[in-house]
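A quick write-up on the structure given underneath.
The values are calculated or read from the model by the stated rules, or taken from the named source; none is laboratory data. Predicted model, so just to flag it, every value in this text is computed and none were measured. Ideal geometry is used to build each Cβ from the backbone, glycine not excepted, and the neighbour counts take in all protein chains shown.
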Amino acid sequence: MTNRRQFLHLAAGALAAPALPGLAAAQAYPSRTVRAVVPFGAGSTIDIVGRIVMDPLSRLLGQTIVIENRGGAGGSIGSAMVAKAEPDGYTLLINASAHSSALAVNPKLSYHPADDFAGVIPFGTVPNVALVAPSKGIKSLKELVDKAKGGGLSYASAGMGSATHWAAERLRLSAGFSATHVPFRSGPDALTEVMTGRVDFTLMGMSSALPFIQDKKLVPLAVSTVKRSSALPDIPTSLELGFANSDYSFWMGLLVAKKTPPAIVEKLRVETERVLKLPEVQSKFKPQGIEPMPLTPAQFDALIKKEVDANIALVKAAGLKFN
């Protein structure tokens with residue numbers, strides 16, 4: 001009996017042992033400077049939001065977080081760096097929905113957006129808003145769709161494969177109309193052309209569009225999220241209006257290399273969640289129309305996998321071509 005008890009005790013200890021290194025690593029983490037890669041230029045929306053979050057996160061973690069902007073190739077250069085980095089929690093990726101569309105834009109990507117990363121936590125989501133100039137005289141999304149079905153309309157985006165492009169294509173396919181895509185170098189450029197009436201409509205992120213909506217320079221017709229936006233509570237969603245599968249959420253969040261120890265991922269999630277609830281952070285998020293997006297790491301991973309597949313299907317359905 002004694003030998004049996006000793007055997008069971010040793011067996012239990014052996015089973016528990018593999019978990020100890022990961023637990024110890026999480027307790028010690030971080031013990032040095034952390035690098036957070038933003039795969040877009042300084043001053044971009046994701047860069048601004050990332051800095052809002054990383055500053056208080058560094059205080060909570062007790063270590064410096066250095067933000068490194070590595071833009072280019074639609075975000076894939078910086079993302080590839082993190083995918084190939086040591087999976088120890090010292091190289092983070094601050095990215096957005098472009099992460100999920102990268103493979104659809106470039107099938108020869110050097111990494112897989114879902115398979116090579118672990119989602120930590122979304123910072124939040126920003127609705128895209130269907131917008132027209134007041135001079136167009138269009139008051140509802142139905143009016144826009146009816147007019148588009150007559151032919152001849154154009155829509156602006158912040159570039160091929162951008163969130164604004166995906167959002168417009170989802171609406172276009174759902175509603176069953178054709179329109180000429182006019183890509184620009186940035187969101188502000190696209191908004192300017194829509195405001196002047198030279199391009200008929202766009203689906204732009206709330207953070208960029210809200211000041212122009214408030215100044216009556218643009219008319220909001222619908223938002224692309226599942227729920228209405230708190231920034232524009234009187235504006236319906238495209239789903240409410242009967243356009244199935246037209247929703248598209250622009251999320252921003254934190255990711256790490258896939259094999260990062262779960263205990264470190266969880267520590268990052270817990271501390272980042274604390275940051276997102278801080279009044280100082282919320283006061284900066286609200287004017288940009290950023291809505292909460294509470295997801296566990298597993299749910300975040302599932303969302304990215306679903307979006308990767310959906311974007312690949314969208315490219316095929318819409319017949320999109322990328323250079």
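Hey, Glu68 hits all of (1) surrounded by 22 or more Cβ atoms within 10 Å (Cβ to Cβ); (2) touching a strand residue (DSSP E or B) at 6+ places or on another chain (Cβ under 7 Å); (3) farther than 22 Å from Ile290 by Cβ but one; which does it fall short on?
(1)
What are the pairs with Cβ atoms under 6 angstrom where one residue, in the stretch 240-257, is under 23 Å from Ala80 (Cα atoms) and touching a residue at least 60 places away in the same chain (Cβ under 8 Å) and the other, located anywhere, is of a type in the set (D, E, K, R) and in a loop (DSSP other than H, G, I, E, B)? Sequence gap at least six, or different chains.
none
May I ask you to say which residue of Lys267, Lys306 is assigned to a helix (DSSP H, G or I) and crowded, with 19+ Cβ neighbours inside 10 Å? Steps first, please.
On the way: Lys306 fails: crowded, with 19+ Cβ neighbours inside 10 Å.
Just a single option satisfies the conditions, and that option is Lys267.
For the list (1) assigned to a loop (DSSP other than H, G, I, E, B); (2) modelled with pLDDT of 95 or more, I need the number of the one condition that Asn323 fails.
(2)
Please verify whether the stretch 171-188 includes one or more residues that are outside the structural domain of Leu314 (by TED's automatic domain parsing), surrounded by 23 or more Cβ atoms within 10 Å (Cβ to Cβ) and within 20 Å of the chain's Cα centre (by Cα).
yes
Is it the case that the stretch 193-203 has a residue that's under 22 Å from the mean Cα position of the chain (by Cα), crowded, with 23+ Cβ neighbours inside 10 Å and not hydrophobic (A, V, I, L, M, F, W, C)?
Yes, because at least one residue in the stretch 193-203 is under 22 Å from the mean Cα position of the chain (by Cα), crowded, with 23+ Cβ neighbours inside 10 Å and not hydrophobic (A, V, I, L, M, F, W, C).
So is Ser283 over 15 Å from Phe117 (Cβ atoms) and touching a residue at least 12 places away in the same chain (Cβ under 8 Å) or not? Let's see the steps before the verdict.
Working: over 15 Å from Phe117 (Cβ atoms): yes; touching a residue at least 12 places away in the same chain (Cβ under 8 Å): no.
Considered against the rule, which asks whether it is over 15 Å from Phe117 (Cβ atoms) and touching a residue at least 12 places away in the same chain (Cβ under 8 Å), Ser283 comes out as no.
Mind listing whichever residues of the stretch 6-54 are modelled with pLDDT under 90 and in a loop (DSSP other than H, G, I, E, B)?
Residues satisfying the conditions are Ala17, Pro18, Phe40, Gly41, Ala42, Gly43, Ser44.
Look through Thr237, Thr260 and report the one residue that is buried (at least 19 other Cβ atoms within 10 Å of the Cβ), modelled with pLDDT of 95 or more and under 30 Å from Val145 (Cα atoms). Working first, answer last.
Numbers: Thr260 fails: under 30 Å from Val145 (Cα atoms).
Result of the check over Thr237, Thr260: Thr237.
Which of the residues that make up the stretch 115-142 are touching a strand residue (DSSP E or B) at 6+ places or on another chain (Cβ under 8 Å) and among the acidic types (Asp, Glu)?
Residues of the stretch 115-142 touching a strand residue (DSSP E or B) at 6+ places or on another chain (Cβ under 8 Å): 116-134, 136, 138-141.
Of everything in the stretch 115-142, just one residue is touching a strand residue (DSSP E or B) at 6+ places or on another chain (Cβ under 8 Å) and among the acidic types (Asp, Glu), namely Asp116.
Residue pairs, Cβ under 7 Å, 6 or more apart or interchain, first in the stretch 27-55 and within 23 Å of His99 (Cα to Cα), second of a type in the set (Phe, Trp, Tyr). List them.
So the pair list comes out as Val34/Tyr90; Arg35/Tyr90; Ile46/Phe40; Asp47/Phe40; Val49/Phe123; Val53/Phe123.
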